[in-house]
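Asker: Got a structure here, written out as structure tokens. Questions coming.
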Amino acid sequence: MPHARWLSLSATALALGLSAQAHAAAPIAVSLSLDSAAAKGSEDVYVTVTLKNVSSQPAKLLRWLAPVGELEEGIFHITRDGKDVPYQGAHYKRVAPTAKDYITIKPGQSLTRRVELSNAYDLTVSGQYAISYDVAAVNLFGDLDKNQAALKAGQYQAMQALDSQAANLWVNGLSYSESLIQKANETNAVTPAAFGISFTGRCSSTRQALLRDAVTAAQNMSNNALSYLNAGTAGPRYTTWFGTYTSARYATAKSHFTNIYSAMSTQSLTLDCSCKKSGTYAYVYPTQPYKIYLCGAFWNAPMTGTDSKGGTLVHEMSHFNVVAGTDDHAYGQSSAKSLAISSPDQALDNADNHEYFAENTPAQN
Amino acid sequence: MGLKCLLVAGSLAMSMSMAVDAASGGLSCAMSMPAVLTAGAPAELRWSLRNTGAKPVSVLSWNTPLEGGIFAEFLSLERDGKALPFSGALMKRGDPEAGEYLRLAPGQAEEAVIDLGLAWPVDAPGHYRLRYTGRLLDVAEAGAALPRPRDAWRGQALDCPELSFERRP
Ligand SMILES: [Zn+2]
């Protein structure tokens, strides 16, 4: 955007009082700018963030709290008319950082990145917004060795913090009550029975429409799979994905697809769009039916066929303990086929084998 | 706030009372944990992978703690002989990106610490046994073109002998 307007220029660093160790000023200064000081509630909002190394040594910053890409944590503090606007983006389970979890900026150099805010914070409601970068963590600046030494010496580690001044944004969008009505419409069930689809994690209207079609595709696929098994067929379609026939294993497959089809067409599903991992289609917590998180690879998948949107939903549905309690022993068609040959019992416990049986592409009898 | 607490917890030093090591095809896996956990203490497992071979290798981080969290059921846990249910995330994988491989020079190790409590019920007192049941999905020699699609992966079993620990009431 040609007329970027700088709304704030300085950063401060705080050393929170957890430690006797004195902390120098932050090695990095953070400044924010918005493309425009005003936005319509319907448009995407980006902030341009500049990180400048103001020290005389290379400066490190913990990558997942650095504003350098898709938001992975609520690293911005945003208020609308003085009230906090909650972060609604992805959250990851983290392990303690290691050296590779840091970005490095050379002395005197700056790093500038444009970060979308509107996919992780609700910026649709009219009002005056104040947006600042605001993070704190032990090991924020990567003093891993020093912190280990402090631990060995029995000292606590200090929290390290980094923030920026606020950038201001006026949004001329929905009134608060209009936004509540819109949210209620978004999350209403498609049909008024127990079956329903609701959305979390800021699914765009395009993605909501794709997800409704994907659920229909998954219902059709799992219904087709169940009909095949109810007819007692044990042709190449069955043996390719579930291995040598035994009546006990066949009964297991039948009960799995009875449950998958039933859940897909009678339960209330929650579909979440916050995951951005591009090499991953989707995930679930098996103990938390019926919430399915869709990730980057899902949106590039075809609606039906191998590794499709519909098939991915069948895969994920099979994971829930109340449905079929499957695991991920092998990924992809060739590994799933090998598993069916080497260990039919594991194939019946593997989510991809269920997906490929349901997708049946290329078609087998 | 949850994140900050986790980072603080993740960086506490552990008393490495148990460590086991096993070689499998140029890669060796080690796990360590305190042998005794008091009530309420986080159950932190330190997991590391070392290249014991003479050439550099690249390993897909999926199915291991090195991915940066618990994104697969790569451990099996028992309390007093009873298997514990997994409540972490299970992911349907596609084809990986280059950044999801870790390059290990000869002799180099990468390690990660995971909080078992995020995915298994490890608060109750008892005797726990823990095994790594994952499998390395793709291991590539230096010079291989990466990332590569699922059908071109070269998977490898990884043997990490089991650990046990005690949770005190
Ligand atoms: Zn899965």
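Read-outs throughout are calculated quantities, based only on the coordinates presented, and are distinct from any laboratory measurement. Keep in mind the model is a prediction, meaning the values are calculated, not measured. Counting neighbours? That spans all protein chains shown, and the Cβs are built from the backbone with ideal geometry, glycine included.
Asker: Roughly what % of DSSP beta bridges within chain B run antiparallel, to the nearest 5? Spell out each step's value before the answer.
Answerer: Details: 41 of 43 bridges.
Counting only bridges with both partners in chain B, antiparallel ones make up about 95 percent.
Asker: Taking the Cα centre as origin and putting +1 on Lys and Arg beta-carbons and -1 on Asp and Glu beta-carbons, what dipole magnitude results for chain B, to the nearest 20 debye?
Answerer: Details: 17 positive and 19 negative charges, 13 e Å.
Once rounded to the nearest 20, the dipole reads 60 debye.
Asker: Give me the distance in nm between label points sitting 7 Å out from Cα along the Cα-to-Cβ direction at A:Ala25 and A:Glu70, one decimal.
Answerer: Result for the modelled spin labels: 3.7 nm.
Asker: What does the charge add up to near A:Asp213, with Lys and Arg as +1, Asp and Glu as -1, over the other residues with Cβ less than 11 Å from its Cβ?
Answerer: On the way: positive: A:Arg207, A:Arg212, A:Lys309; negative: none.
Spelling it out: positives minus negatives among the neighbours equals +3.
Asker: Next question, about the same structure. Take the alpha carbon atoms of the stretch B:95-169, find their center, do the same for the stretch A:225-282, and report the distance between the two centers in whole angstrom.
Answerer: The distance from the Cα centre of the stretch B:95-169 to that of the stretch A:225-282 comes to 28 Å.
Asker: Relative to the present Cα-Cα distance, how much length would full extension add between A:Ser334 and A:Thr266 at 0.36 nm per residue of separation?
Answerer: Details: separation 68, 0.36 × 68 = 24.48 nm, distance 3.25 nm.
Length gained, A:Ser334 through A:Thr266: 21.2 nm.
Asker: Another one. If R0 is 35 Å, what FRET efficiency do you get for A:Lys276 and B:Ser87 from their C-beta distance, rounded to 0.05?
Answerer: 0.95
Asker: For the stretch A:202-308, give the magnitude of the charge dipole about the Cα centre (Cβ charges: +1 Lys/Arg, -1 Asp/Glu; no others), in debye to the nearest 20.
Answerer: On the way: 9 positive and 3 negative charges, 31 e Å.
Its charge dipole is roughly 140 debye.
Asker: Give me the inter-chain shielding for A:329-340: mean count of other chain Cβ atoms within 10 Å, whole number please. Please list the in-between numbers first.
Answerer: Working: counts 3, 4, 12, 9, 2, 4, 5, 1, 0, 0, 0, 0.
Mean partner shielding for this stretch: 3.
Asker: So what's the net charge close to B:Pro169: Lys and Arg +1, Asp and Glu -1, counting the other residues with Cβ under 14 Å from its Cβ? Before the final figure, lay out the partial values.
Answerer: Numbers: positive: B:Arg79, B:Arg167, B:Arg168; negative: B:Asp80, B:Asp123, B:Glu166.
Overall, the nearby charge balance is 0.
Asker: Also, quick follow-up: For B:Arg154 and B:Ala39, what does the FRET efficiency come to when R0 = 45 Å and r is the distance between their Cβ atoms, rounded to the nearest 0.05? Numbers along the way, then the final one.
Answerer: Numbers: r = 44 Å, r/R0 = 0.98.
For B:Arg154 and B:Ala39, the calculated efficiency is 0.55.
Asker: Further, regarding this structure: With 25 Å as the limit, write out which pairs from A:Lys277/A:Lys309; A:Lys254/B:Lys82; A:Lys276/B:Lys92; A:Lys276/A:Lys337; A:Lys277/B:Lys55 have Cα-Cα distances beyond it, or answer none. Write out the running numbers ahead of the final one.
Answerer: On the way: A:Lys277/A:Lys309 16 Å; A:Lys254/B:Lys82 28 Å; A:Lys276/B:Lys92 13 Å; A:Lys276/A:Lys337 29 Å; A:Lys277/B:Lys55 30 Å.
Where the Cα-Cα span goes over 25 Å, the pairs concerned are A:Lys254/B:Lys82; A:Lys276/A:Lys337; A:Lys277/B:Lys55.
Asker: Right, something else. Would you mind giving the mean number of other chain beta-carbons within 10 Å of the Cβ of each residue in B:93-100, as a whole number?
Answerer: Details: counts 13, 16, 6, 4, 5, 1, 2, 4.
So the per-residue partner count for this stretch is 6.
Asker: Which residues among the stretch A:333-365 fall inside the zone where the amide N is under 13 Å from a point 7 Å beyond the Cα of A:Ser247, along Cα→Cβ?
Answerer: No residue passes the distance filter.
Asker: How far apart, in nm, are two points set 7 Å out from the Cα along the Cα-to-Cβ line at A:Asn321 and at A:Lys254?
Answerer: Here the answer is 2.7 nm between the modelled labels.
Asker: Hey, what number do you get for chain B at 222 nm if only DSSP H runs of n ≥ 4 count, each worth -39500 (n - 2.57), divided across all residues, to the nearest 500?
Answerer: Values: 1 runs with 9 residues, N = 169.
Helix-only estimate at 222 nm: -1500 deg cm²/dmol.
Asker: What's the average, rounded to a whole number, of partner chain beta-carbon atoms within 10 Å of each residue's beta-carbon in A:282-291?
Answerer: On the way: counts 6, 8, 4, 6, 7, 5, 2, 0, 0, 0.
Counting Cβ atoms of other protein chains within 10 Å of each residue's Cβ and averaging gives 4.
Asker: Would you tally the net charge around B:Ala98, using a Cβ to Cβ cut-off of less than 13 Å, leaving B:Ala98 out, and scoring K and R as +1, D and E as -1?
Answerer: On the way: positive: B:Arg103, B:Arg148; negative: B:Asp95, B:Glu97, B:Glu100, B:Asp138.
Residues close to B:Ala98 contribute a combined charge of -2.
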